[in-house]
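Comments concern the structure below.
Each value in this text was obtained by applying a stated rule to the coordinates, not by laboratory testing. Quick caveat: nothing in here was measured; it's all calculated off a predicted structure. No Cβ is skipped: glycine too gets one built from the backbone with ideal geometry, and neighbour counts run over all protein chains shown.
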Amino acid sequence: MKQYDLTPEDPTYTALFNACSNSPWPADGLSHISNLRELMAQEDYSPNIITYNAMIKAYACCGDVKSAFAAVDEALAAGHTLNPATYSCLLMACIADKSLGLKLAVEVWFSNCMQHTQVLCVDGFCSLIVKQCYQVAKCWVIVCM
């Protein structure tokens with residue numbers, strides 16, 4: 001795009017982050033995500049929530065849970081409201097963490113329940129996870145009390 005003097009917009013960045021999430025090599029995907037983030041910072045570009053969701057998904061698919069949650073914090077700091085797709089991407093990140101994934105998933109699920117009255121996942125994508133998290137959440141509340 002640079003050679004044609006075109007300025008990338010939200011759909012371009014979203015597509016590039018989605019391409020990173022589909023990379024068969026997680027380390028390569030993470031390096032491309034870092035390059036995209038640097039390019040966005042150089043251009044002083046502020047992504048929308050859809051682009052943030054793609055970014056979170058890319059970090060999740062590449063196994064970088066900390067960066068996925070950092071991207072959520074960045075989206076909140078930019079004034080965006082989290083939507084069900086954001087929570088779905090966060091749950092994908094939780095799955096990537098084998099040691100703390102369940103704890104993080106329950107925290108994400110509780111956070112969603114406190115903020116939204118709608119269904120957690122879009123089009124039933126995570127309905128099975130939500131049903132399982134509900135059972136785990138009931139046990140979690142009992143353990144924490």
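A DSSP coil position with no more than 15 other Cβ atoms inside 10 Å describes the following trypsin sites (Lys or Arg not before Pro) in region 39-112: LYS98. Positive contributions from Lys and Arg (+1) and negative ones from Asp and Glu (-1), summed over other residues with Cβ under 13 Å from the Cβ of LEU82, come out at -2. ASN48 sits among other residues whose Cβ lies under 14 Å from its own Cβ, and their net charge, with Lys and Arg +1 and Asp and Glu -1, is -3.
Backbone geometry of region 69-77 corresponds, through the Karplus equation with coefficients 6.51, -1.76 and 1.60 at θ = phi - 60°, to 3J(HN,Hα) couplings of 5, 5, 5, 5, 4, 5, 5, 5, 5 Hz, x marking Gly and Pro. Checking every one of the GluC sites (Glu not before Pro) in region 1-68 against DSSP loop status and a limit of 14 other Cβ atoms within 10 Å picks out GLU9, GLU43.
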